[in-house]
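Here the structure comes first, spelled out in structure tokens, and everything after it is commentary.
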Amino acid sequence: MIESILYAILGGALIGLASSWFLYAKGRIAGISGIVGGLLGVWDSNSSWKLTFLIGLLLGGGLLVLMFPQAIVPPTGRSIYFVAAAGLLVGFGTRLGNGCTSGHGVCGLSRFSTRSLIATCTFMLTGFITATIMGVL
């Protein structure tokens, strides 16, 4: 129990440090949906750093799985189609909310953005309701 709490604290600190460094170094918010969404359009002068950022996220996740395979566990009891549909709905939600939890929750809240506070509370409330409903079904 204590070990998982320490991992959560360490992970949160690393995310905060990385997003702060990114804001300092690039002058940009580390909002994943905005970065990925920017790669889906026309290639421009910002596309190369966005692609590098995305590759770094994927490599970091892959390295984590190699070093600590128990850290990321695939969902059980749900089909791959259900998980894919959930992912698409999350993508739709980030478009609808003009950002994702990384952009609003990590970067926006640290800048005292009212819009990000409202968006993050909406994300969390919706997540709580959905998890409760899905736990019952």
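Could you tell me whether the range 64-73 includes any residue that is in contact with a Gly (Cβ under 9 Å, 6 or more places away or on another chain) and either closer than 27 Å to Gly135 by Cα or acidic (Asp, Glu) (or both)? Spell out how you get there, then give the answer.
Quick first cut of the range 64-73, residues in contact with a Gly (Cβ under 9 Å, 6 or more places away or on another chain) only: 72.
Among the residues that remain, those that are also either closer than 27 Å to Gly135 by Cα or acidic (Asp, Glu) (or both) are: 72.
Within the range 64-73 (the criterion being in contact with a Gly (Cβ under 9 Å, 6 or more places away or on another chain) and either closer than 27 Å to Gly135 by Cα or acidic (Asp, Glu) (or both)), the answer is yes, since at least one residue qualifies.
Condition first: exposed (fewer than 12 other Cβ atoms within 10 Å of the Cβ) and outside any helix (DSSP H, G or I). Now tell me which residues in the range 101-114 satisfy that.
Within the range 101-114, the subset exposed (fewer than 12 other Cβ atoms within 10 Å of the Cβ) is 111-112, 114.
Arg111, Phe112 - these are the residues of the range 101-114 that are exposed (fewer than 12 other Cβ atoms within 10 Å of the Cβ) and outside any helix (DSSP H, G or I).
Collect the residues in the range 22-34 that are within 23 Å of Gly97 (Cα to Cα), more than 13 Å from the chain's Cα centre (by Cα) and part of a helix (DSSP H, G or I), keeping them in residue-number order.
So in the range 22-34, the residues within 23 Å of Gly97 (Cα to Cα) come out as 22-23, 27-34.
Imposing the further condition that a residue be more than 13 Å from the chain's Cα centre (by Cα) reduces the set to 22-23, 27-28.
Matches in the range 22-34: Phe22, Leu23.
Given the structure, is Ser19 part of a helix (DSSP H, G or I), exposed (fewer than 10 other Cβ atoms within 10 Å of the Cβ) and on the phi < 0 side of the Ramachandran plot? Working first, answer last.
Numbers: part of a helix (DSSP H, G or I): yes; exposed (fewer than 10 other Cβ atoms within 10 Å of the Cβ): no; on the phi < 0 side of the Ramachandran plot: yes.
Criteria not met by Ser19.
Would you be able to tell me the number of residues in the range 1-52 that are among the aromatic types (Phe, Trp, Tyr) and more than 22 Å from Ser116 (Cβ to Cβ)? Spell out the reasoning first.
Start the filter on the range 1-52 by keeping residues that are among the aromatic types (Phe, Trp, Tyr), which leaves 7, 21-22, 24, 43, 49.
Narrowing the set further to residues that are more than 22 Å from Ser116 (Cβ to Cβ) leaves 7, 43, 49.
Residues that pass the stated criteria total 3.
From the set of residues in the range 115-137 that are at pLDDT below 85 and in a helix (DSSP H, G or I), which is surrounded by the most Cβ atoms within 10 Å (Cβ to Cβ)? Don't jump to the end; show me each part of the working.
To start, the set of residues in the range 115-137 that are at pLDDT below 85 comprises 134-137.
If we keep only those that are in a helix (DSSP H, G or I) as well, we get 134-136.
Working: Met134: 11, Gly135: 7, Val136: 6.
So the residue we want is Met134.
Looking at the range 49-79, which of its residues are modelled with pLDDT of 90 or more and more than 28 Å from Gly38 (Cα to Cα)?
Leu66, Met67
Going residue by residue through the range 26-35, is there one that turns out to be free of Cβ contacts under 8 Å to residues at least 40 places away in the same chain, surrounded by fewer than 11 Cβ atoms within 10 Å (Cβ to Cβ) and farther than 17 Å from Leu109 by Cβ?
Taking the range 26-35 as the starting set, the residues that turn out to be free of Cβ contacts under 8 Å to residues at least 40 places away in the same chain are 26-28, 35.
Those left that are additionally surrounded by fewer than 11 Cβ atoms within 10 Å (Cβ to Cβ): 27.
From what is left, the residues that are farther than 17 Å from Leu109 by Cβ are 27.
Scanning the range 26-35 turns up at least one residue that is free of Cβ contacts under 8 Å to residues at least 40 places away in the same chain, surrounded by fewer than 11 Cβ atoms within 10 Å (Cβ to Cβ) and farther than 17 Å from Leu109 by Cβ.
Could you tell me which of the residues Phe92, Phe53, Phe82 is among the aromatic types (Phe, Trp, Tyr), touching a Pro at 6+ places or on another chain (Cβ under 9 Å) and over 24 Å from Ser4 (Cα atoms)?
Working: Phe92 fails: touching a Pro at 6+ places or on another chain (Cβ under 9 Å); Phe53 fails: touching a Pro at 6+ places or on another chain (Cβ under 9 Å).
Residue meeting the stated conditions: Phe82.
I'd like to know if the range 78-100 contains one or more residues that are in a loop (DSSP other than H, G, I, E, B) and loosely packed, with under 10 Cβ neighbours inside 10 Å.
Within the range 78-100, the first condition is being in a loop (DSSP other than H, G, I, E, B), and the residues that meet it are 78-79, 97-100.
Now drop any that are not loosely packed, with under 10 Cβ neighbours inside 10 Å, which leaves 79.
There is at least one residue in the range 78-100 that is in a loop (DSSP other than H, G, I, E, B) and loosely packed, with under 10 Cβ neighbours inside 10 Å.
The values are calculated or read from the model by the stated rules, or taken from the named source; none is laboratory data. Predicted model, so just to flag it, every value in this text is computed and none were measured. Heads up, the Cβs are rebuilt from the backbone with ideal geometry, glycines too, and the neighbour counts pull from every protein chain shown.
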